[in-house]
Each structure stands twice: as C-alpha cells, then as structure tokens.
Amino acid sequence: MSQTTAAAAPSPVVPDHPPTAAAAAREIAAGRLSPVDLVEACLRRIEAVDGTIHSFVYVDAERALAAARHAEAEIAAGRSRGPLHGIPFAAKDNYDAAGLPTCGGSRLMAGTVADRDAILVAAMKNAGAILLGKLSTWEYGTGNGGEYFDLPIPTTRNPWDTQRFAGGSSTGAGAAVAAGTTVIALGSDTTGSVRLPASACGVVGLRPTHGLLDKAGMIANCYSMDVPGPLAWTVEDAALVLRALAGPSATVAPAPTRPASLSGLRIGVILDPGPGMAGPDAALVTAFTEGLTVLEELGAELFEISLPVPAAECFLAASVIGSSESAAIHEAELRERPQDMGFALRDKLMRGAMTRASDYLAAQRVRRMVADALDRTIRTYDAVVTFGAFHVAPRLGVEPEMTAFTADTMLTPFSLSGHPSLVQCNGFTGSGLPLHWQIVGRRFAEANILKIAAAYEAATTWRLRRPTL
Amino acid sequence: MKAMPKLAPAAPELVHLTITEASRLIAARRLSPVELVEAFLARIAATEDRLHAYITVLGDEALAAARQAEADIAAGRYKGPLHGIPFAVKDNYHVVGVRTTGASRLMLDYVADETATAIERLTAAGAILLGKLNTWEYGTGTGEIHDDLPFPLARNPWNTDRFTGGSSTGAGVAVAAGSAMFALGSDTGGSVRLPAAAAGVQGMKATYGVVSRAGILPNCWSLDVAGPLTWTCEDNALVLRTIAGHDPRDPGSADRLVPDYLQGIGAGIAGMVIGVIRDLGPDAPSMQPDTRANLEAMEAVLEDLGARLVEISLPAPLSGYRQIVGAINWGESYSIHERDFLERADLMGKALRDKMTAGFTMRAVDYIAAQRRRRELAQSTDAVLSACDAVLAPCTFLTAPTFDDQETLTKFTFGAATSIFNATGHPALSICNGFDADGMPTSAQIVGRWFDEATVYRVARAYEAATPWRAERPVL
C-alpha cells in the first residue's frame, strides 16, 4: 500500500504505518495532514494486513470517515480540540461504543449492540479522536494463556511473527498498534491484559493507578482488579491518551516530550520474582541490564530492591480473586449456557463457582498485605523498574510456552496493589521478537513513569523498527 | 477477676450523674475523680452478683488513674470534660497487659500487647478505664440463649429475669445500672444499639469508618463499627467526638475531619424534615403494642418540636438488608476464625459454631453477590434517606424478653431493624423512647446522612430534653 500521510521530521516513520499521534497532531496543526487522510491510511492498512493478523473484530469505516471529515472541517474552522483531534483509535471489544456491537469475544453476547459509549470511548471522542472499530479480545477478557481456537472470532496473530501469540487478553490491541491498523488502542488489564499484549507486540502499554479511570460501559471481568488503559507506539502517545481519558478534573501531568535527563531520580530495581516461578529468559535479562545502563547514563540513581512477596504467591491470590469475581458476574450464564463458552472462560468460571468465600477472603487479605508492603517500598523511590513477562511471545498453540508466557510474570503484584505500571519495548531478540520491561510508579504518579519511559525511549532506537507484514 | 477493694456502700447519686454533670463538678473541684471511681467500684461490688456486666474489673488500676487525675487537676492540668470520668469497654477491646477474652474459651489466657485506639484516645482525654464488659462470644449470636459461654449471662437491670441485648451484653447493663458512666461496644448488625435498647440507654453506631477499630477483635471487617453507650445523647456526642477520627491503624478508617458534635446540639429541630419509616416490609416482626404506641408518641413529640414528618419507605424489605449482613458476616467471620474452627471447634459456643458452619460452606460468589447487592442497596437507601435531615426508624420490635423464651429472644435480636444501617453504613442512634406496661424500656433509631452524626445528635437531644425518660433509673 502507498503511504499517503506526510511525515513529521522527528518522528519515526516506517512505510505503510500511520504516524504516531503526536507526530500526526503536529502535521495536522501545521495544515500538512488531514484527519481524513489519516483515517484512510489506517483503513487501507486494515485492509492490507488484518486478514492476516486479525486485530479488529469490527471496523466502522463509514462512521470513521464521516467523523474524520467532521474533524477536518472543525480544525479548518479553527476549532481544534487538541492533540488527539482527528487521531484514529480503536477499543477492545469489551468497551461499549454507541451503535456498534459489544461481544467481548463471546458467543454469549452475539447480537448485542450498545446504545451508548463507554465513558472512556466518549472521552476519546470528546478529545476529537476517531473510533475505527473494535479490537479482538479473549472471551470476557479471560484466559489462562492457552489458545484453544474455540472462540467465535479468529485468533489474533503477532505482527512480528504471525505464528506467534499477540498476548492477551487485549489480543487485538497490541497487534493493531504494532501493525499500524490503528494509532491508539484502548485495552483493559486485570492481571496483565494491557501489559502482556504490549510485551508480546513491542508497544507501550499503560495500566494506570487503580481507580483513576472510569469503567462505566465496559464489560466487567473482575471488579477489584480491572483497570482500563491505553496501548500506543510511543510513550508520548500513551501520555496524550491518558490525559484525555482521565478527564479535565484529574491531575495528570502533560505528555512528556523528550526529557534529556533523569538526574535526581531515584529508581528501585527488582530483579528476582522470588521462589516458585521461573525467572526471565536470557534475552530479557540482557536487554534489562543494558536498559539499566541507559537509565544510569541519563542520570538516574538505581537501587536494587526486593519484591516483598514472591510473584508466584501474588499470581495465586490474583487467580482466586479473579475467578471468584468473574463467576459472581457470569454465574447465570455459567448455569444456563456453558456450552456457548470457550474452554478458558468455562474453566475459570467453574473454578470460581466452587471457590469458598473463605478462600476468596483469604486471597483478599493476602492482597492487602502485598499492597501495603509494595506501597511501603515503592513510596521511597520515584519509580521502580522490573521485568514484565519472563518470556517473549510464544508460538501459538504450543504448550507449555503459551501458558508460561501469561503465568510467569512480574505483572500480578501491581494488579493486586493498584500501582500504575507501564510496559515498554527495550530491544529485540536475534530473530526479531520484541523484548520489554516494566516501569512501576507511586499511586497516581503516572507522570514519573511516563517521564522515565520517554527518556529511555528517546535515548534508544527501538521505535525505528516496525514489523514487516 | 480481680479482688474487689473494700469500699464504702454505693453512692447512687454519684453513679447516676451524667458525664456532663460529673465533669462540671470535677472541673469546679467539687468532686474528686477518686471519689467518683470509688463510687463506681462500690456500685460494681454491690451489683455484679446480680448483673454480671463485667468480665474483668480493673479496680487497682482505675484507682491509681483516679489519684493521678486528681493530682493533675489539682495542679491545674485539667484535660477537659472526660478527665476523671470512669468507663468500661466490651471485652473485645484490647488493653496492653490486660486479658482480652471475647467471652470465648479460645482466648481465656490471652493477654493483649496493644491498646485499642479508641481507648488510647479516651485515656489521653483523662477518662478512667474500670474494666472489660460481658459480650457474646466474639460478638456473635442470633439472640438464642445457650448459656454455654465461660462467663455467666449478663442480666437486665430493669428486671434481672430479662435479656440484656447483645452482643455488647454488659455495655447497656453497666450504663443503665450505674456501674460505668459510659461504655464502648461494637456493632456488626446491632450489637451497640440492641443492648442500648434493652437497657434504656443511648447507643450510637456512627457512619462506617468514623471510629477506629484498631485494637478491637474483628467480627466482620466490612460491617464492624465501634461505638459508645451512654445515659444521655449529649454524653454520647462527647464520647464520640473523642474517639472519632482517622486512624492509619485501621484500613477502614475514614480520613476526614470530625466536626464538634456538641456544637449546635441544643439548637432544636424546628423546620427540620424528618423521614419516618413505619413499614419495614411483610416479613418484619409484628410490633409489640406498647412499642408501637411509644413510637407513635415519639413522632408526635418531634412534630411538636417543629419538625416536619414525612413518611418514607426503604427500597427493600428488612429481610433484604438482613440477608446481606448475614452473608457478609458469615463469610468474613469464618475467614477470621477458620483455624480455630478447624482445630478447636469444641471450645466454641453453639452460636459461634453455627455461624462458622454457615461460613465454612459459603461460596465466594455468594459473598461477592452480597457485597454487590449491599452496594446497590446502600446507594438506593441513601437516595431516600438523604432527602431528609434525619430519619426516625424502629429499633427493636419488642422490649427485652425473658431468658426462657427462645422464639421471642430471636425476634428481639435477629428481627430488629438495626442491621439495615450496617448494610448501608449510615449513622444510627438507638434512643430510649419510653417504657412498656412491665416497666421495660422501649426504643427507636434516629438515622442520619453519611457522616452527619451531628444532626442525629441534635434530633435525639431535642427529643430527650422534651421527654421525661432520663429521669428513671432501674432500681436494684
């Protein structure tokens, strides 16, 4: 396909991919790029590659183009709504969007059409962003990592290697951003569902502080851990989206541009997940170590700290909480239509339905202990850097690598504790699969982790590489 | 129990002072804290064989604290209206170095290594701890009396053949009988308000989160509220003002400023809109005629005082709230006592063992469903309550029954309208509103908006001042 959009000088431009939101915004502001061109570029990209990667479950080309023409007219009339005006985005199919189906990747919801936007979809539209459609997801955001090829939608494929998994449960979100079928994606993260797709696909995935963003109009998976969050190609884009999502009343710092220095920042480093869990792949360890050197060169002071509770115990507590709350949400469907569920959801709900209240409460008590202990640690630093997943994107359908990718992570401690965390690409394997790390901040201090991630991104070249499809 | 010091005969005129009256005398140095504490210890000595309000009496410690208070006050170091005022706490509050039993055979030898924040705040204000009060085992019971706990049953001072209300069984008794000037209890489904109702005293369950539970044995984290029982509403406001306020030691503690509940407490209720809840649904217990008559008379008094009464109805029947409170309590309580239940269930009384059995078999989805329903009901109930300045609701549907009538005992406790406000978190005060034909006190609840204890007290105080009920004390 041909590249129709003009490129901004400092932004990484790869043929066939749309520009980043920040770059596009600069071009739009300068009158060199129209939202219509931008939306058309994404639609062409969808047409060209989505038959292979299956990031979208529903594309609303007609309304997107109409919105783009409207944005073009507004901007031409001097009524710009800001940097997201005219920028294409897509939402995981557990967000409602007025007039579009919401299926949550499930046969149980076939034929359901939303009559209003989820709060966050509305927030994006208010900021001028243009909804392209809905992105693939595991059924109700549920999976143990295994791929059972039993959902009503095709399995999303990793754009860096289509024989590999794209990460779940926001399966389409990471793939879409990496492949350039959208500029911005909205996902949701219970125990890693924004951060795992970001890890697998080499993009930025942000899980904000629990409670910062409004979940109204989204399909619940687990009340006490669900957090919506953006996936984007760059840190700056993720920050722009976070500001739009958090709303004018929230105190979210402006998007970082390119901080040259991190001097004065004290960053904790967690290396060891503790007993009971396989540690990170060698390639991830190498990239992590090199990344720390970059942070030091940028002036940050690093301190090795330890995880107060083993990651394996956090994973166990999160599993009990997740399956119990999910079963409470979907109990009637489990009783009445289990045959319409995929294996992963049915398996989780059956476990949840048989969990005793005392085990759920014990898990919540462990969670409080983990959250308090982590908070005491994190509060004494500006941010903490650690691993995300311990493996690169696994081969689709190959066990045990599939379930290991989702289970062996440093992600659940922060799902339990509610601290904001961001996953970011920090290199590639020899065979070209993206590597990543995780940056965690104090509660409601997304600004710090965005600043660190932006500085790291600016100091490295990883954003110049895009998957070839 | 400690040996009682030898003392002069009881001085009922001292033990029946209100806190406000006693502190005026103490501040004016016309009453010594030592004299006051001695009077209470004498009263305890004279009544305990009939009332069994106390599990532990801290006579020597209380006298030492009284002498210190006397010296401090004499030296001009007067700490304020609670200085030298004797009180007692339900035996689920910890005090460093003192046994906490929770009235359980599981804890008979347990000596606490911490002090409850509420007690620390009271002693810092100069109040003097007399001892630890009787309770149902770990605050648990449906009302049935099994008499299978390690301590004798507390008895109602208005008639010792009658029940005291639970679970803070000793707390209402001690305040009514004058064996403590005020008491602290804890309320999961009514355990402050029911003993207050049975004994004709005023018991406050403040908004969830206002009073720290740190250092108190938990019964059910998400419902437990600690609160004071006092003879008058003004005294109650004084004690709550002292114990309320954020405490990082309690994860459920609300981080907000505590208003001075005494400010404007006497301003009257002219022009206030007071909602009246008369009908609690088809499955609420039938109301004893005298209780009903006193509730209706109370409405008339509030109207005479200038309030506008508006009948309101709750979004669910009483049973809807009670089921939620039951399910949440079973689940959380079992989570707390799981190990004891698995290893030493034989030491538990029947009421606790029954609850553990229910909790043991409960599924997570049912607990979560109860919490979801609770949230919905809290919001829909708040929408109704917050349209009024305050609300008048039934408390118990009958006066304290005799110990031998299990069915009526359950109706008194399990059937009461108290659990509604544990489910929703609203502040609710149980207030004496008269007596039945047998001379047993009747009660009602005054309920407020979230964190608006001040208005609850203002309404209660206006009613109390307009009625003669505070003039009567039980004769022992």
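Scanning region A:339-377 for residues that are closer than 30 Å to B:ILE324 by Cβ, open to solvent by less than 30 Å² (accessible area, probe 1.4 Å) and more than 12 Å from every other protein chain (Cβ to nearest Cβ) returns A:MET341, A:LEU345, A:LYS348, A:VAL370. Select from region B:147-182 the residues that are of a type outside the set (Gly, Ala, Ser), open to solvent by less than 10 Å² (accessible area, probe 1.4 Å) and touching a Gly at 6+ places or on another chain (Cβ under 7 Å) and list them in ascending order. Answer for region B:147-182, where residues must be of a type outside the set (Gly, Ala, Ser), open to solvent by less than 10 Å² (accessible area, probe 1.4 Å) and touching a Gly at 6+ places or on another chain (Cβ under 7 Å): just B:THR164. Is it the case, given these coordinates, that B:ALA214 is touching a His at 6+ places or on another chain (Cβ under 7 Å), in a loop (DSSP other than H, G, I, E, B) and among the aliphatic types (A, V, I, L, M)? Taking the combined requirement at face value, the residue does not satisfy it. Among the residues of region B:271-282, is there at least one that is open to solvent by less than 60 Å² (accessible area, probe 1.4 Å) and within 14 Å of another protein chain (Cβ to nearest Cβ)? No: region B:271-282 contains no residue that is open to solvent by less than 60 Å² (accessible area, probe 1.4 Å) and within 14 Å of another protein chain (Cβ to nearest Cβ). Condition first: in contact with a strand residue (DSSP E or B) (Cβ under 6 Å, 6 or more places away or on another chain) and either under 28 Å from A:PRO154 (Cα atoms) or open to solvent by 40 Å² or more (accessible area, probe 1.4 Å) (or both). Can you find one or more residues in region A:378-388 that meet it? So far as region A:378-388 goes, yes, one or more of its residues are in contact with a strand residue (DSSP E or B) (Cβ under 6 Å, 6 or more places away or on another chain) and either under 28 Å from A:PRO154 (Cα atoms) or open to solvent by 40 Å² or more (accessible area, probe 1.4 Å) (or both). Restricting region B:205-221 to residues that are on the phi < 0 side of the Ramachandran plot and of a type in the set (Gly, Ala, Ser), the residue that is surrounded by the most Cβ atoms within 10 Å (Cβ to Cβ) is B:ALA206.
Scanning region A:300-320 for residues that are surrounded by 15 or more Cβ atoms within 10 Å (Cβ to Cβ), assigned to a helix (DSSP H, G or I), at negative phi and in contact with a Cys (Cβ under 9 Å, 6 or more places away or on another chain) turns up at least one hit.
List the helices (runs of 4 or more DSSP H) inside region A:355-468, counting only whole elements, that have at least 1 residues being of a type in the set (Asp, Glu). Answer list for region A:355-468: A:357-378, A:401-407, A:446-459.
Within region A:328-338, how many residues turn out to be touching a helix residue (DSSP H, G or I) at 6+ places or on another chain (Cβ under 7 Å), surrounded by fewer than 24 Cβ atoms within 10 Å (Cβ to Cβ) and within 30 Å of A:MET369 (Cβ to Cβ)? Before the answer, list the steps.
Let us first name the residues in region A:328-338 that are touching a helix residue (DSSP H, G or I) at 6+ places or on another chain (Cβ under 7 Å), namely A:328, A:330-331, A:333-334, A:337-338.
Next, only the ones that are surrounded by fewer than 24 Cβ atoms within 10 Å (Cβ to Cβ) stay: A:331, A:333-334, A:337-338.
Now narrow it down to the ones that are within 30 Å of A:MET369 (Cβ to Cβ): A:331.
The total comes to 1.
Any residue in region A:323-335 that is more than 9 Å from every other protein chain (Cβ to nearest Cβ), of a type in the set (A, V, I, L, M) and in a strand (DSSP E or B)? No, every residue in region A:323-335 fails to be more than 9 Å from every other protein chain (Cβ to nearest Cβ), of a type in the set (A, V, I, L, M) and in a strand (DSSP E or B).
Looking only at residues that are in a loop (DSSP other than H, G, I, E, B) and touching a strand residue (DSSP E or B) at 6+ places or on another chain (Cβ under 7 Å) in region A:51-61, which one is surrounded by the fewest Cβ atoms within 10 Å (Cβ to Cβ)?
So in region A:51-61, the residues in a loop (DSSP other than H, G, I, E, B) come out as A:54-55, A:60.
Still in the list and also touching a strand residue (DSSP E or B) at 6+ places or on another chain (Cβ under 7 Å): A:55, A:60.
Numbers: A:SER55: 32, A:ASP60: 19.
That would be A:ASP60.
All of A:ALA48, A:ALA71, A:ALA64, A:ALA22 fail the test of being in contact with an Asp or Glu (Cβ under 6 Å, 6 or more places away or on another chain), part of a helix (DSSP H, G or I) and closer than 23 Å to A:THR234 by Cβ, apart from A:ALA22. Annotation: B:ALA370 fulfils all but one of (1) within 12 Å of chain A (Cβ to nearest Cβ); (2) of a type outside the set (Val, Ile, Thr); (3) without any contact (Cβ under 8 Å) to a residue 24 or more places away in the chain; the unmet one is (3).
For region B:188-202, state whether one or more residues are of a type in the set (D, E, K, R), within 25 Å of B:ARG458 (Cβ to Cβ) and either assigned to a strand (DSSP E or B) or open to solvent by 10 Å² or more (accessible area, probe 1.4 Å) (or both). Checking region B:188-202: not a single residue is of a type in the set (D, E, K, R), within 25 Å of B:ARG458 (Cβ to Cβ) and either assigned to a strand (DSSP E or B) or open to solvent by 10 Å² or more (accessible area, probe 1.4 Å) (or both).
Looking across region B:24-39, the residues that are outside any loop (DSSP other than H, G, I, E, B) and either open to solvent by 10 Å² or more (accessible area, probe 1.4 Å) or among the aliphatic types (A, V, I, L, M) (or both) come down to B:ARG24, B:LEU25, B:ILE26, B:ALA27, B:VAL34, B:GLU35, B:LEU36, B:VAL37, B:GLU38, B:ALA39.
Considering only region B:123-132, I want to know if a residue exists there that is surrounded by fewer than 19 Cβ atoms within 10 Å (Cβ to Cβ) and either touching a residue at least 60 places away in the same chain (Cβ under 8 Å) or in a loop (DSSP other than H, G, I, E, B) (or both).
First pass over region B:123-132, keeping only residues surrounded by fewer than 19 Cβ atoms within 10 Å (Cβ to Cβ): B:123-125.
Restricting the remaining residues to those that are either touching a residue at least 60 places away in the same chain (Cβ under 8 Å) or in a loop (DSSP other than H, G, I, E, B) (or both) gives B:125.
Looking for residues that are surrounded by fewer than 19 Cβ atoms within 10 Å (Cβ to Cβ) and either touching a residue at least 60 places away in the same chain (Cβ under 8 Å) or in a loop (DSSP other than H, G, I, E, B) (or both), one finds at least one in region B:123-132, hence yes.
Please go through region A:73-87 and give me each residue that is of a type in the set (A, V, I, L, M) and either open to solvent by 20 Å² or more (accessible area, probe 1.4 Å) or more than 20 Å from A:ALA22 (Cβ to Cβ) (or both), ordered by number. Full working, then the answer.
Keep residues of region A:73-87 that are of a type in the set (A, V, I, L, M), which gives A:73, A:75-77, A:84, A:87.
Residues satisfying the conditions are A:ALA73, A:ILE75, A:ALA76, A:ALA77.
The requirement of being modelled with pLDDT under 95, buried (at least 17 other Cβ atoms within 10 Å of the Cβ) and within 27 Å of the chain's Cα centre (by Cα) is fulfilled somewhere in region B:284-293, by at least one residue. Meeting the requirement of 2 or more residues that are open to solvent by less than 40 Å² (accessible area, probe 1.4 Å) and under 30 Å from A:ILE321 (Cβ atoms), the helices (runs of 4 or more DSSP H) wholly within region B:307-421 are B:318-344, B:350-360, B:364-385.
In the set (1) in a strand (DSSP E or B); (2) open to solvent by 10 Å² or more (accessible area, probe 1.4 Å); (3) not polar (S, T, N, Q), B:GLY185 fails one condition alone, (2). Counting residues in region B:294-304 that are in a helix (DSSP H, G or I), of a type in the set (D, E, K, R) and either within 14 Å of another protein chain (Cβ to nearest Cβ) or within 30 Å of A:GLU331 (Cα to Cα) (or both) gives zero. For region A:88-121, a residue qualifies if it is touching a Ser or Thr at 6+ places or on another chain (Cβ under 7 Å), among the hydrophobic types (A, V, I, L, M, F, W, C), open to solvent by 20 Å² or more (accessible area, probe 1.4 Å) and not in a loop (DSSP other than H, G, I, E, B), and exactly one does: A:MET109.
Scanning region B:349-407 for residues that are over 22 Å from the mean Cα position of the chain (by Cα), among the polar types (S, T, N, Q) and under 21 Å from B:ALA154 (Cα atoms) gives a single hit, B:GLN406.
Scanning region B:435-463 for residues that are surrounded by 21 or more Cβ atoms within 10 Å (Cβ to Cβ) and within 21 Å of B:PRO157 (Cα to Cα) returns B:MET440, B:PRO441, B:THR442, B:SER443, B:ALA444.
The values are calculated or read from the model by the stated rules, or taken from the named source; none is laboratory data. These numbers come from a predicted model, not from an experiment. For neighbour counting, all protein chains shown are included, and Cβ atoms are generated from backbone atoms with ideal geometry for every residue, glycine included. Just the protein is used for accessible areas: all its heavy atoms, side chains included, with ligands, DNA and RNA removed. Shrake-Rupley method; radii C 1.70, N 1.55, O 1.52, S 1.80 Å.
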